[in-house]
Structure formats: structure tokens, C-alpha cells
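K.L.:
Below: one structure in C-alpha cells.
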Ligand code: CP
């Protein structure tokens, strides 16, 4: 593997084949506990933003394969508060760990860290930009639900402007011939740069303000939270926060095979009466983070099935 391959920063760095390789390896990691693939290896989790699923599933993935985890989830308790730079922080952490997972509110910080780090770096979300490992588990979930990723119709709902999971997933799905509907208010539209990228891959791509019009066509509805923490104006967030809400009644026009995904945490957009139905895949989706991240760690650290 080249140095670049040993980082996971942007979904743009992956070919279709590269994504398929991750999903195939994730399948072999299902239920993989106690295999000593990562014994003696240490993962550092540097979380400058809150997280439940991403941080804990990386920790679980590492520990289930015999590895150890260090890190922080509150940068306020680190020497960054004494004025230490991120660069110097990384210079220290790379001597304590074999791989770094970073989440940061600013777009581009994960890329910067990968450029100064001697060990592989994984982007666990950089601002409103991307969340590539979430995309890998989203693709894995779609494949498990529908038996394929190719030629599906996907509706993205909610905060498409600030939703980094949507940005990464739309780009990834454009390698698989997806038809995509982007359902949002005018204020939270999908950024034009991502739309252009998806269209450049010859994918049908339609923006709409009406969920009910497109719902009967969908194989996957990918709902997202309105990202309160990204709004520069709290008044605008208050206007947007309750616009989208799907409940079981709203799905009456949907295909029986529709699967509802959500990166979680959810806000008001999915009612709890969907939770126990075959539509709901968001809990399983979060659980899929473990085998997918086990696969990514083995690939980056050239361990277990990926040992050279
Ligand atoms: N999906 C996701 O990124 O969740 P967390 O913010 O809890 O990590």
C-alpha cells in the first residue's frame, strides 16, 4: 500500500473496487471476537467533537481484535488548552499509537493531520464536509438489506447542506449507478459541488421539496438530523428543526421493501413507531460500524487477513 492509501480522509480517495474490498472484508469480520489481529497495536482517538457511535465502535473494533485504545473525547482536558498546536499534538500521539482517528469541527483538519502524521489517519468527520467511514458502513448496510448496491433509488432527507454523511454517501453511490433524490428545504439544499460531482458520474440526481412525491420510488430513505451545531444563526435552526418528520402513516405509500437509514443521532425526523418495523435499519446500521471499522483497521495496519 502507498502512504496515501494508508489514510481514510475523503470518500473521493476510493474507487468502486476499493469500496467493494472494504465491504467484502467487513463481511469476514462479522462476529470476529478474540482473533489477535491487532494485538500489540494501539489506536488513538482524538475527538474534538461529541460522538457516541463512531468513537465507541472504533474502540470496540480495535479491542475485539486484541488492540488497545488511547485518546480523548474532551480536548479541553489536553495540553491544547495550554496553547499546544495540533501539529505538536500529532507529533506526540504518533509516537504513542499506530493509527489516529480524528473528528474535528473544521473541514480539512483530518487532511492536515494526515499530512503531518507518520502513522495512518482516519477522518471520523470533519465539520460539514465528509464522514467516509460512516459511508462504508452505510454501503455495507444497504448491501445487506437489498443484496446489492447497484441500481437503487435513494432519497436523502433533511439537512443536506451541513450533513457530512450525506455528502460522502452520495459521492460513493455515484460509483454504483444510483438514482438519487435530494429532499430538503431550500435553505438546506445539497451543496452544488457535491451535486456536480455526482452528476459527473452519470447519476440521475433530482432535488425536491416533497417527500411524498418521491417516497413510492425509493429503495432507501436516508434521513438526517438538522445539524443544530452547524447553524450560524440559531433563529434559522428553530425555523428548520421540525420541518421533516416521518412516521409509519407517512410510509403507507412506500415500497414494502423500503429501508430507512439514519446515521444517528436522530432529532424529530423519525417517529418511534417506525423503530420496530422492517423499514427501520438505523440500529443495525450503527451496529454494522464494528465489522466495517475492524476491516478498515486491518487494512490500514496491514494486519490479520491484510498482513503482507
Ligand atoms: N453517525 C455518527 O457519526 O454518530 P456519532 O456522532 O454518535 O459518532
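The values are calculated or read from the model by the stated rules, or taken from the named source; none is laboratory data. Computed from a predicted model, the values in this text were never measured in an experiment. So basically every Cβ, Gly included, is an ideal-geometry build from the backbone, and we count neighbours across all protein chains shown.
K.L.:
Only one of (1) within 16 Å of the ligand (Cβ to nearest atom); (2) in contact with a strand residue (DSSP E or B) (Cβ under 7 Å, 6 or more places away or on another chain); (3) over 30 Å from residue 150 (Cα atoms) is not met by residue 11, so which one is it?
P.N.:
(3)
K.L.:
Every residue in segment 2-23 that is in a loop (DSSP other than H, G, I, E, B), at pLDDT 95 or above and within 16 Å of residue 306 (Cα to Cα), please.
P.N.:
Selection gives 7 alone.
K.L.:
Let me ask something additional. Would you tally the residues in segment 100-156 being crowded, with 24+ Cβ neighbours inside 10 Å, part of a helix (DSSP H, G or I) and either away from the ligand (no atom under 16 Å from the Cβ) or without any contact (Cβ under 8 Å) to a residue 12 or more places away in the chain (or both)?
P.N.:
The total comes to 1.
K.L.:
In segment 212-228, what residues are touching a helix residue (DSSP H, G or I) at 6+ places or on another chain (Cβ under 9 Å), part of a helix (DSSP H, G or I) and at pLDDT 95 or above?
P.N.:
Within segment 212-228, 215, 216 qualify.
K.L.:
Going by the structure shown, is residue 77 touching a strand residue (DSSP E or B) at 6+ places or on another chain (Cβ under 8 Å) and more than 30 Å from residue 260 (Cβ to Cβ)?
P.N.:
Against the criterion (touching a strand residue (DSSP E or B) at 6+ places or on another chain (Cβ under 8 Å) and more than 30 Å from residue 260 (Cβ to Cβ)), residue 77 does not qualify.
K.L.:
Here is a list of conditions, (1) assigned to a helix (DSSP H, G or I); (2) over 25 Å from residue 148 (Cα atoms); (3) more than 16 Å from the ligand (Cβ to nearest atom), and residue 60 meets all of them except one; can you say which number that is?
P.N.:
Every listed condition holds for residue 60 apart from (3).
K.L.:
Could I ask something else about it? Can you tell me which condition residue 88 does not meet? The list is (1) in contact with a strand residue (DSSP E or B) (Cβ under 6 Å, 6 or more places away or on another chain); (2) assigned to a helix (DSSP H, G or I); (3) more than 13 Å from the ligand (Cβ to nearest atom), and all the others hold.
P.N.:
(1)
K.L.:
Find all pairs meeting these conditions: Cβ atoms under 6 angstrom apart; at least six residues apart or on different chains; first residue within segment 32-56 and within 14 Å of the ligand (Cβ to nearest atom); second residue part of a loop (DSSP other than H, G, I, E, B).
P.N.:
Note: pairs meeting the criteria are 47/73; 49/105.
K.L.:
Go through segment 231-308 and tell me which helices (runs of 4 or more DSSP H), entirely inside it, have 3 or more residues that are within 16 Å of the ligand (Cβ to nearest atom), under 25 Å from residue 163 (Cα atoms) and touching a residue at least 40 places away in the same chain (Cβ under 8 Å).
P.N.:
Qualifying helices (runs of 4 or more DSSP H): 282-287, 289-300.
K.L.:
Hey, any hits in segment 51-58 for a residue that's out of contact with any strand residue (DSSP E or B) (no Cβ under 6 Å at 6 or more places or on another chain), surrounded by fewer than 14 Cβ atoms within 10 Å (Cβ to Cβ) and modelled with pLDDT of 95 or more?
P.N.:
For segment 51-58, residues out of contact with any strand residue (DSSP E or B) (no Cβ under 6 Å at 6 or more places or on another chain), surrounded by fewer than 14 Cβ atoms within 10 Å (Cβ to Cβ) and modelled with pLDDT of 95 or more: present.
K.L.:
Does any residue of segment 160-168 turn out to be within 13 Å of the ligand (Cβ to nearest atom), in contact (Cβ under 8 Å) with a residue 12 or more places away in the chain and surrounded by fewer than 20 Cβ atoms within 10 Å (Cβ to Cβ)?
P.N.:
There is no residue in segment 160-168 that is within 13 Å of the ligand (Cβ to nearest atom), in contact (Cβ under 8 Å) with a residue 12 or more places away in the chain and surrounded by fewer than 20 Cβ atoms within 10 Å (Cβ to Cβ).
K.L.:
Turning to a different aspect of this structure: Exactly one condition in (1) part of a helix (DSSP H, G or I); (2) within 27 Å of residue 163 (Cα to Cα) is false for residue 71; which is it?
P.N.:
(1)
K.L.:
Further question on the same structure: Can you say whether residue 66 is within 16 Å of the ligand (Cβ to nearest atom) and on the phi > 0 side of the Ramachandran plot, as far as the supplied structure shows?
P.N.:
no
K.L.:
Considering only segment 245-264, I want to know if a residue exists there that is surrounded by 13 or more Cβ atoms within 10 Å (Cβ to Cβ) and more than 27 Å from residue 147 (Cα to Cα).
P.N.:
Checked segment 245-264: at least one residue is surrounded by 13 or more Cβ atoms within 10 Å (Cβ to Cβ) and more than 27 Å from residue 147 (Cα to Cα).
K.L.:
Is it fair to say residue 19 is under 16 Å from the mean Cα position of the chain (by Cα), away from the ligand (no atom under 16 Å from the Cβ) and within 26 Å of residue 108 (Cβ to Cβ)?
P.N.:
yes
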